[in-house]
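The values are calculated or read from the model by the stated rules, or taken from the named source; none is laboratory data. Bear in mind the structure is a predicted one, so any value in this text is a computation, not a measurement. FYI the Cβ positions are ideal-geometry reconstructions off the backbone, even for glycines, and counts take in every protein chain you see. We work out accessible area using only protein heavy atoms, side chains counted, and drop any ligands, DNA or RNA first. Shrake-Rupley method; radii C 1.70, N 1.55, O 1.52, S 1.80 Å.
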Amino acid sequence: ALPYHAGSGDHGDQAAGEAVSPVCQPCRPGQTLSVDFLSVDPAAQFTTGTNFLEVRRKTGTGWQTVVTDSDWSTRVRWRFKGGRAVAMLDWDIPEDAVVGTYQLRHVGIGEDGRAFEGATGAFSIER
């Protein structure tokens, strides 16, 4: 069984899914984008077949998911600060990344069984 940190999703006046670290601006192919998000212990409501991380690119019709945490270029790790869960989301931006506007999105399920989500502000990938 996975260790479980009860109450890890209680962030006071902040919410699970909120990005709490800055994003490079602009980002470049070959860089690793790392962003911390307030989160919940993934053992609280562990499910299979879902993603915790999505990289989305802005298109003419909205946001399109281009990479999830099932891709080798991404990593999701959790740490606990003061009993609170923080998800560290990393994306190794590929050399052939399309220039454009992107966002990193974190999703999960809280201890109460309700879904949460949050995303960074838009950032650009330039050459």
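Filtering the stretch 102-127 to residues that are among the charged types (D, E, K, R) and either open to solvent by 60 Å² or more (accessible area, probe 1.4 Å) or at pLDDT below 90 (or both) leaves 111, 112, 114, 117, 126, 127.
Of all the numbered requirements in (1) among the charged types (D, E, K, R); (2) at pLDDT below 95; (3) open to solvent by less than 50 Å² (accessible area, probe 1.4 Å), residue 90 misses one, and that requirement is (2). Would you check if there is a residue in the stretch 10-28 being at pLDDT 95 or above and surrounded by fewer than 12 Cβ atoms within 10 Å (Cβ to Cβ)? No, that holds for no residue.
Looking at 67, 107, 40, which one is in a loop (DSSP other than H, G, I, E, B), of a type in the set (A, V, I, L, M, F, W, C) and touching a strand residue (DSSP E or B) at 6+ places or on another chain (Cβ under 7 Å)? Step by step, each of 67, 107, 40 is checked, and only 40 is in a loop (DSSP other than H, G, I, E, B), of a type in the set (A, V, I, L, M, F, W, C) and touching a strand residue (DSSP E or B) at 6+ places or on another chain (Cβ under 7 Å). Which members of the stretch 70-104 meet the condition of being in a strand (DSSP E or B) and under 17 Å from residue 44 (Cβ atoms)? 76, 77, 78, 79, 80, 81, 84, 85, 86, 87, listed by residue number.
In this structure, does residue 84 turn out to be free of Cβ contacts under 8 Å to residues at least 60 places away in the same chain, open to solvent by 50 Å² or more (accessible area, probe 1.4 Å) and over 13 Å from residue 35 (Cβ atoms)? Here the answer is no, as residue 84 does not meet what is asked.
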